[in-house]
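Let me begin by presenting the structure, written as structure tokens, before commenting on it.
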Amino acid sequence: MENNYYFYVLRCVDDTFYGGFSTNVLKRVATHNAGKGAKYTKGRGPVTLIHAESFPTKSDALKAEYAFKHQSRQEKINYLKLNEKKNIMTQLKEE
């Protein structure tokens, strides 16, 4: 991947969403599933990667994360549907 800054979304076992930022999404998901990720995901695992977007700058990826975290659940669902074409999750899993 040419861009190394990612915004990602996880689905937790309790069906909630967690949005995060990383330069290595698959490694970060493994960290969450090992119980060493964010405080929010501890006790809500295993988590599943459902969305990942690549950004040209760290700032852009962090802005996407911030915006996602400040939406209602329905707004998050709408965001995921509207941005399906930006989802590079399958490309990450192939690498």
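Output the residues belonging to region 61-72 that are within 11 Å of Y5 (Cβ to Cβ), open to solvent by 60 Å² or more (accessible area, probe 1.4 Å) and in contact (Cβ under 8 Å) with a residue 12 or more places away in the chain. Once the filter is applied, which keeps residues that are within 11 Å of Y5 (Cβ to Cβ), open to solvent by 60 Å² or more (accessible area, probe 1.4 Å) and in contact (Cβ under 8 Å) with a residue 12 or more places away in the chain, region 61-72 yields only L62. For K27, the conditions (1) assigned to a helix (DSSP H, G or I); (2) loosely packed, with under 12 Cβ neighbours inside 10 Å; (3) more than 13 Å from the chain's Cα centre (by Cα) are fulfilled apart from (3).
Every condition in (1) modelled with pLDDT of 95 or more; (2) farther than 17 Å from D14 by Cβ holds for I77 except the one numbered (2). Counting only residues that are open to solvent by less than 20 Å² (accessible area, probe 1.4 Å) and either acidic (D, E) or assigned to a strand (DSSP E or B) (or both), region 36-53 holds 4 of them. Among the residues here, A34 qualifies as over 14 Å from the mean Cα position of the chain (by Cα) and of a type in the set (A, V, I, L, M). For T57, the conditions (1) more than 14 Å from the chain's Cα centre (by Cα); (2) within 12 Å of F7 (Cβ to Cβ); (3) crowded, with 17+ Cβ neighbours inside 10 Å all hold with the exception of (3). Restricting attention to region 73-95 and to residues that are of a type outside the set (D, E, K, R) and touching a residue at least 12 places away in the same chain (Cβ under 8 Å), the residue that is farthest from G19 (Cα to Cα) turns out to be Q91. Under the condition of being out of contact with any strand residue (DSSP E or B) (no Cβ under 7 Å at 6 or more places or on another chain) and under 17 Å from F17 (Cβ atoms), the residues counted in region 39-72 number 11.
The values are calculated or read from the model by the stated rules, or taken from the named source; none is laboratory data. Just so it is clear, the structure is predicted and the values come from calculations on it, not from any experiment. Glycine also receives a Cβ, built like all others from the backbone with ideal geometry; neighbour counts cover every protein chain displayed. These area figures cover heavy atoms from the full protein model, side chains too; ligands, DNA and RNA do not enter into them. Shrake-Rupley method; radii C 1.70, N 1.55, O 1.52, S 1.80 Å.
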